């Protein structure tokens, strides 16, 4: 059970990245590879605010959320928007990877290559739960990710903004003709993705530390989460993320480190052959 | 109501419109005729804010200059645009499409605003066949129904000007008739309608004013009543004769080079 | 809806025809560079650029031409490297040609293994499968550590030999450059043949491809697997160059370097791969000198490269050239070019081509040849009877086509009319194989078509045009028309690559035939224009020419008249008349009632999926029910609501992926 808990905690991270990918994908059809780096940045800002500035929890979270949202909006403005409205172009893949690399570089430059420890918001005394142990903060992470994922799912299904973003992902120009401010939606999506990434800095960082390899690592697993859950579905990325986390944890318990990756690949092929659009996909067609 | 004053522009370096003027009053229909590729749709795109490059000219809605506004701000200002090719959102349901039409009416969060719902209900009254298909995705509607949905969607925010781009294209004659009857109704309700059409007779039957565009320039314009014979308009739009009556601008001289 | 880059301009025709020679000259220059004083540093850089260019060119085939994002080049590259490494280290095989053969074989096998599941489903799946393929490289290498050295890598790869002689220093350099030149010649010959055009069709419109008789799945798989070959070759060259390979050489970051090089050079280009590779090889090298800031600078470099080169260097040069031409800095643009490549290439935007440029097209019916004479030219179209018997199609409880029986015979125009949603297009889609019938049969001559895949129906002799003409961007009219002959007058891929006589004969014939058909339809003057930028009426005529080129047994015209002005319609009428006189079988779906009455020999009226009337034009005209339901001319005209009750049928043809 302890393995399952730690799998769920890792899975929550992957799901969080997948959710961030989907926010932007649903509103503007762009795959934002830098999303994982935004989460990494969130952990460093949490370290900066909590350790360097010695701020209490609430301002730490607020500062992280605001700063990362700002950076995400800057990314949209500089690296994504100039390319919008062009078809057949894979250029946004490259520019968003460019932003990711630059963020890696900035973090290394400022904080160096040594991981920094981020203080946990809750007690670090492990809880005994359903026959396994888990740290309270990890549990909080799992719960918060589920809340955010489900909340975003509802937002996209039940609100005008969600509807407008689905419409603009389907036909950008027609959405504009109906009065949908597609530019604001795109900016909003990046801001929201940044806000979430920044706000999670403390909860994520206390488990993983603020470390410069975090972005690349999470980017890959977030992609796996989306591949399994189906792009464009928030519930799908939750399930994809958690499933990936659990499989890794369980498989690596019994085999050597090479197998989890291969088992996940096999699982993915299986899903592909039975559910072509991923478990919950379908809202967004080929965008990459 | 809507005034287009010698607009010129196109797509990047390719100029398509060379100083086109047009206007339409409340309760009137102005029909824009012209051959394929003459610049009719580009004119509507320019008014709606979709023409990538506008070099000169003005577009006014009432007293409001639209020139610098984004397409969605123009919708908010009271302009409705039904694009060519029945462009509804195929993956969304009929109801969702109508709600989207009201995006500017009730922007904030929840879908079920009372005012918006009232507008949607009015659309169902006007287009009963949509009411029976609320939950059907728009992609499964027939061509005629999609066209009706597109018009219904555009009417939700209660615009003052409606622009229609070839609404009868690809429709069976009976359905096309319904569309024209609908346009006539809207005109009677006081809407200003700017209509691009290919089917000359049907269009002239409901129009008050006509503009013939040829190679991005106005070849002729005036009141339909002043053209005593529709064949004259037809010849004109096919580029067969010189000028028509009314305030004719004569035929555009061929342009050299590009 | 921004204007997109148009075709590579035929402007500066001398440049176009001289380009392969220029590239070859450049290649030879690079080949002999060591004797022109190229130092060790640069010769190593050149080798690395060549290796990267090989890998990138493979991606260009699948991404730029066949339109499939494949991230797996790294894996195929690794396969090549490890095959060579294993053979050389464990088996003592150092002959580089043998290693190349084995590596190509290995890359092809892995290409098939990953391509079959990845391409079967289309869309994202190839990108996803190949993504996984790359991230499991280290794991697989680790599991095979007795052969691959696992995480530690494979060291001590010996010096390669060729026919027993050692390949070192300049010899190895010359070998690498020569292999690269040969590959790019193959690549270029493949793309500038009918197969290249087929790839372009495939990329932009799988539906059109199927209509031309192309199996979308197989051709995509073929493109992807052909793209695996240079990756495998590059792997061998890299293994022998560095003498040491390890999983870190094949990390996921390399997949992005390759993708970036492809986009920067222009995915849809041949030599762009070399430029992209050079930039991505040399750029980061310089950037490394920024030390602490190198990652930041590299990130910024990627962003800027993505922004500036979003259409590739090739695109940048193209738009630069057309800018220069427009400003009059360059002369020599053929007059027709002002219509073609410069015009906006977006079918959705009605391209207003101005009068001066269109010239002959706007007014002229002048080219129309007397029908008798042309009938002789068109020769005998071996039309076959299309027999539809009790055909039925249900969509989840809704009957879209309800036991329809009808026949279309050669030398006649058979029209299908009916309200929107009455099942006309569904019927065409059943004939073409886009839908499978619920019951009943569709026969063309003696061949049963019902249930065949679309490309098989097309091969059986069905040609079709679309409500919205399906025309790939960046294609000239004569090449587009020639795609109609891709299957019926096929030139094999090896023949195209080796430029065998059969290739020259085939391409000469296709071109002549395309030009002849365009002349026949009176639009010869657009032969060199980009089709997507032509006015709608002309595009429809070009589609008719494309259908004619396939020499089909039956023509299906879906709403050919919609959106056309009266003069265009007249042209079309003449074209259909020509086909009829030549003995072709024509099925026409059309809303223009007067047109149908005029040219149809027999009219079938569908309503709510069922046939409600059949007869000659005069019989139909006298049929009260038809007039009420279809034209609405009676006072008792039904409401749309009632007219279209049967509409739940998905009317339009299968939607194109945007």
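Placing one equal scatterer on every Cα of the range C:128-268 and applying the Debye formula, the log10 ratio I(q)/I(0) at q = 0.16 Å⁻¹ is -1.08.
Provide the percentage of antiparallel DSSP beta bridges, counting only those with both residues in the protein assembly as shown; round to the nearest 5. Show your work: numbers first, answer last.
Numbers: 52 of 87 bridges.
Of those bridges, close to 60 percent are antiparallel.
Footprinting exposure proxy ranking of B:1, A:1, fewest other C-beta atoms within 10 angstrom first, gives A:1, B:1. Within 10 Å of the Cβ of each residue in A:177-190, the mean number of Cβ atoms contributed by other protein chains is 6. Once you've got the GNM for chain A with C-alpha springs shorter than 10 Å, pick whichever of A:136, A:56, A:119 has the biggest mean-square fluctuation. Evaluated over chain A, the most mobile residue of the options is A:56.
By the Kirkwood approach, averaging reciprocal distances over each pair of separate Cα atoms, the range B:56-191 gets a hydrodynamic radius of 15.5 Å. Rg and Dmax, both from the Cα atoms of the range A:45-169 and both in Å, are 19.1, 54. Using equal-weight Cα scatterers in the Debye expression, the normalised intensity of the range C:457-516 in log10 at q = 0.14, 0.22, 0.25 Å⁻¹ is -0.47, -1.01, -1.14.
Which percent of the Cα-Cα distances in the protein assembly as shown go past 62 Å?
Working: 88987 of 724206 pairs.
Above the 62 Å cut-off, the protein assembly as shown has 12 percent of its Cα pairs.
Separation of the range C:48-83 from the range B:155-178 is 50 Å, based on Cα centroids. The sum of -39500 (n - 2.57) across all DSSP H runs of n ≥ 4, divided by the residue count of the protein assembly as shown, sets its helix-only mean residue ellipticity at 222 nm to -16500 deg cm²/dmol.
Counting other beta carbons within 10 Å of each Cβ, put C:218, B:68 in order, fewest first.
Details: C:218 11, B:68 8.
Starting with the residue having the fewest Cβ neighbours, the order is B:68, C:218.
Each 5 Å bin from 0 upward holds the following percent of the Cα-Cα pairs of the range A:61-119: 4, 15, 18, 22, 17, 11, 7, 4, 1, 0. Take each residue of peptide C:127-139, count the partner chain Cβ atoms within 10 Å of its Cβ, and average: the result is 5.
Protection proxy ranking, highest mean first, for peptides B:143-151, C:488-496: B:143-151, C:488-496, where packing is the per-residue count of other beta-carbon atoms within 10 Å, averaged. Kirkwood's formula applied to the C-alpha pairs of the range B:22-64 gives a hydrodynamic radius of 11.9 angstrom. Take each residue in C:419-429, count the other chain C-beta atoms within 10 Å of its C-beta, and the mean is 3.
Quantify how much of the Cα-Cα distance distribution of the range B:1-118 extends past 21 Å, in percent. All intermediate terms of the calculation are to be shown ahead of the outcome.
Working: 3194 of 6903 pairs.
I get 46 percent for the Cα pairs in the range B:1-118 exceeding 21 Å.
Given N residues in chain A, what is Rg(Cα) / (2.2 N^0.38 Å)?
Details: Rg = 18.5 Å, N = 288, 2.2 N^0.38 = 18.9 Å.
Normalised Rg, Cα atoms only: 0.98.
Of C:395, A:48, the sequence from fewest to most neighbouring Cβ atoms within 10 angstrom is C:395, A:48.
Centre-to-centre separation between the Cα atoms of the range C:121-166 and those of the range A:108-154: 36 Å. Once you reduce the range C:450-507 and the range A:35-50 to the center of their Cα atoms, the two points are 55 Å from each other.
Computed from the coordinates by the stated procedures, all read-outs in this text should not be read as laboratory data. Only a predicted model underlies this, so the values are computations on that prediction, with no experimental measurement involved. Note that we place each Cβ from the backbone using ideal geometry, even for glycine, and neighbour counts take in every protein chain shown.
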